[in-house]
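Asks: First, the structure itself, so that you have it in front of you.
The values are calculated or read from the model by the stated rules, or taken from the named source; none is laboratory data. This structure is a prediction, so every number in the text was calculated from the model and none was measured. Quick reminder, even Gly has a Cβ in these numbers, built from the backbone with ideal geometry, and neighbours come from all protein chains shown. What goes into the accessible areas is simple: the full protein's heavy atoms, side chains included, and nothing from ligands, DNA or RNA. Shrake-Rupley method; radii C 1.70, N 1.55, O 1.52, S 1.80 Å.
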Amino acid sequence: MKVTHVTDGDTLWARPAGGGKPVKLRMAGIDAPEICQAGGRAARVALASRVARRMVIVRKHRHDDYGRAVATVYLGGEDMAGWMVAQGHAWSDRYGREGGPYLKLQRQARWAQRGLFADPQALPPRLFRKRHGACHP
């Protein structure tokens, strides 16, 4: 699939290699800051700088409540969700009490104070949405 647009740090649009309409994809396992939240625009820019107009491999898992395909996105064999967390642009998405699939990368980014983890007051998006509601670009 070819990435046609990056909405935010965890959502993008990609066109199937054979053509057709672009598909909205939510990257599995991460939660990036809301676009109106501190770090939100930086997350979008970081993801776009990596994948915009590039061919990616997409492994779809399911569809979420918003109709987006939840997927793992690979660029050159690298998991882009893991890259976003490692660079400090997203949190590993929690599953109940579990830290999520990228917790180790998140801990490393926090220790190195990369991206949003340089701010000790950085608010995970799920808490931001709870307090302020969602925002849209």
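Asks: If a residue counts only when it is of a type in the set (D, E, K, R), which helices (runs of 4 or more DSSP H) contained entirely in the range 26-137 have at least 2 such residues?
Replies: Ranges flagged: 40-51, 103-111, 125-132.
Asks: To continue, here is another question. When you go through G18, G40 one by one, which is the residue that is out of contact with any helix residue (DSSP H, G or I) (no Cβ under 7 Å at 6 or more places or on another chain), among the small types (G, A, S) and more than 17 Å from C135 (Cα to Cα)?
Replies: The conditions single out G18.
Asks: Working only within the range 12-27, note down all residues that are surrounded by 15 or more Cβ atoms within 10 Å (Cβ to Cβ) and of a type in the set (D, E, K, R).
Replies: R15, K24, R26
Asks: Test E78 against the criterion of being under 27 Å from A17 (Cβ atoms), charged (D, E, K, R) and free of Cβ contacts under 8 Å to residues at least 12 places away in the same chain, and give yes or no.
Replies: yes
Asks: Within the range 76-88, is there a residue that is in contact with a helix residue (DSSP H, G or I) (Cβ under 7 Å, 6 or more places away or on another chain) and on the phi > 0 side of the Ramachandran plot?
Replies: For the range 76-88, residues in contact with a helix residue (DSSP H, G or I) (Cβ under 7 Å, 6 or more places away or on another chain) and on the phi > 0 side of the Ramachandran plot: present.
Asks: Which one is least open to solvent (accessible area, probe 1.4 Å), of the residues in the range 118-131 that are free of Cβ contacts under 8 Å to residues at least 40 places away in the same chain and more than 17 Å from the chain's Cα centre (by Cα)?
Replies: Looking at the filtered set, the residue picked out is A118.
Asks: Only one residue in R50, R44 is within 15 Å of G115 (Cβ to Cβ) and touching a Gly at 6+ places or on another chain (Cβ under 8 Å). Which one?
Replies: Of the residues listed, the single one that is within 15 Å of G115 (Cβ to Cβ) and touching a Gly at 6+ places or on another chain (Cβ under 8 Å) is R44.
Asks: Within the range 64-76, restricting attention to residues that are among the small types (G, A, S) and open to solvent by less than 70 Å² (accessible area, probe 1.4 Å), which residue is nearest to the chain's Cα centre (by Cα)?
Replies: Step by step, filter the range 64-76, then rank; the result is A71.
Asks: Could you tell me which residue of the range 28-63 is nearest to T7 (Cα to Cα), considering only residues that are open to solvent by 40 Å² or more (accessible area, probe 1.4 Å) and of a type in the set (A, V, I, L, M, F, W, C)?
Replies: Applying the filter and picking the extreme gives V45.
Asks: I need a count of the residues in the range 1-25 that are assigned to a strand (DSSP E or B) and touching a Gly at 6+ places or on another chain (Cβ under 8 Å).
Replies: Matching residues across the range 1-25 total 2.
Asks: Let me ask something else about it. With under 20 Å from G40 (Cα atoms), in contact with a His (Cβ under 6 Å, 6 or more places away or on another chain), buried (at least 20 other Cβ atoms within 10 Å of the Cβ) and not hydroxyl-bearing (S, T, Y) as the only criterion, which of G88, G115, G82 stands out?
Replies: The match here is G115.
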